[in-house]
1. Percent of accessible area on segment 61-172 owned by carbon and sulfur, 1.4 Å probe?
2. From the phi of every residue in segment 152-160, what ³J(HN,Hα) in whole Hz does the Karplus formula 6.51 cos²θ - 1.76 cosθ + 1.60 yield, where θ is phi - 60° and glycine or proline is x?
3. Need the C-alpha centroid separation for segment 152-226 versus segment 69-102, integer Å.
4. Are there any chymotrypsin sites (Phe, Trp or Tyr not before Pro) in segment 94-180 that are in a DSSP loop and have at most 12 other Cβ atoms within 10 Å? List them by number.
5. Under a cut-off of 27 Å between alpha-carbon atoms, report the lysines in cross-link reach of Lys25, not counting same-chain residues fewer than 8 places apart.
6. In what sequence, largest accessible area first, do Ser11, Ser228, Ser161, Ser95 appear using a 1.4 Å probe?
7. Rolling a 1.4 angstrom probe over the protein chains, ignoring ligands and nucleic acids, what is the accessible area of Thr239 in square angstrom, nearest 10?
8. Taking K and R as +1 and D and E as -1, what net charge do the other residues with C-beta under 12 Å from the C-beta of Asp16 add up to?
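The values are calculated or read from the model by the stated rules, or taken from the named source; none is laboratory data. Quick caveat: nothing in here was measured; it's all calculated off a predicted structure. All Cβ positions, glycine included, derive from the backbone under ideal geometry; neighbour counts span all protein chains shown. When the accessible area is computed, the model is the full protein with side chains, heavy atoms only, and any ligands, DNA or RNA have been set aside. Shrake-Rupley method; radii C 1.70, N 1.55, O 1.52, S 1.80 Å.
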Amino acid sequence: MAKQTSDITLSGKLGDHVHYHRNGKHFTKRASTKPHNFSPGSVAAQKTFGLGSAVGKQLKIALKPVLDEYKYDGIHNRLTEVCKQIFRKEPIHPSETKRFEDHNIKMLLGLNLNRHTAIESLIYKSPLELLYSPTGEIKIMVNEHNPTEVFPNHLKMYAASIRFLFLIIDLEKPSHTHHQTQEIIIPLNQSHFAKIQGSVHLGSVDNKLLMCCTQLRYYGNADCHSYSNNKKLVAAAITAIEYIKNGAFVSYPPFNQHEAKPLANKGVPLNTIAIKWE
């Protein structure tokens with residue numbers, strides 16, 4: 001081991017030597033020629049990190065329309081961490097390969113995409129209710145409620161805008177398709193909102209992940225043309241995730257978020273699908 005005396009210090013392996021920093025000083029030593037045998041725990045940790053990072057990247061790409069539109073940041077590391085947590089658990093549905101959907105994917109539920117604001121802080125006693133079918137049909141209901149009791153920012157904003165982004169994800173290819181609904185506008189200057197319900201059909205979802213991202217933001221004026229640019233008044237979260245196999249939902253045990261709470265194609269137009277209101 002030798003101390004680096006040059007004004008330009010090096011770090012990392014270069015040729016037959018390793019350069020490193022310790023206690024404020026820079027050193028150089030000859031690299032070992034012996035093979036390093038990692039422990040089984042280290043090998044498992046490396047594999048988990050690789051799998052979590054790969055799936056986290058795929059989910060980030062699938063969520064890109066929301067992330068671009070709302071200018072969220074830091075989501076890749078949080079998605080990767082949650083996916084690593086999922087892979088660390090024993091698979092719920094044994095298979096020959098270590099597939100993401102064989103683990104408890106429900107751990108993704110409730111993941112907020114905006115690190116500045118959690119969606120539950122912008123909507124109390126949520127009137128939203130979605131019912132999913134393995135055929136790809138989704139029923140959407142906004143139950144009767146008093147907006148002044150549900151939305152805490154009703155005194156500052158004119159209306160709340162709610163929109164759903166449905167994702168059909170094939171992790172094997174990998175590939176995904178987007179289905180974003182028209183927005184549901186709830187005026188905040190009224191004390192009663194009558195129940196509305198409708199449905200959308202996404203097409204075939206068999207052998208794929210079905211994910212819903214609920215988005216919420218506020219209009220600051222009556223024309224409903226421009227949203228508030230306050231990051232504290234914008235939120236989105238993963239509110240549903242299912243895996244459909246052979247025409248039926250795969251069963252997962254309920255996930256207790258109190259035990260292990262998850263860390264809280266650019267330029268391509270995103271088609272908006274209409275909700276068939278009843």
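1. 50
2. x, 9, 5, 7, 9, 10, 8, 8, 9
3. 24
4. Those satisfying the criteria are Tyr124.
5. Lys3, Lys13, Lys34
6. My answer, sorted largest first, is Ser11, Ser95, Ser228, Ser161.
7. 70
8. +3
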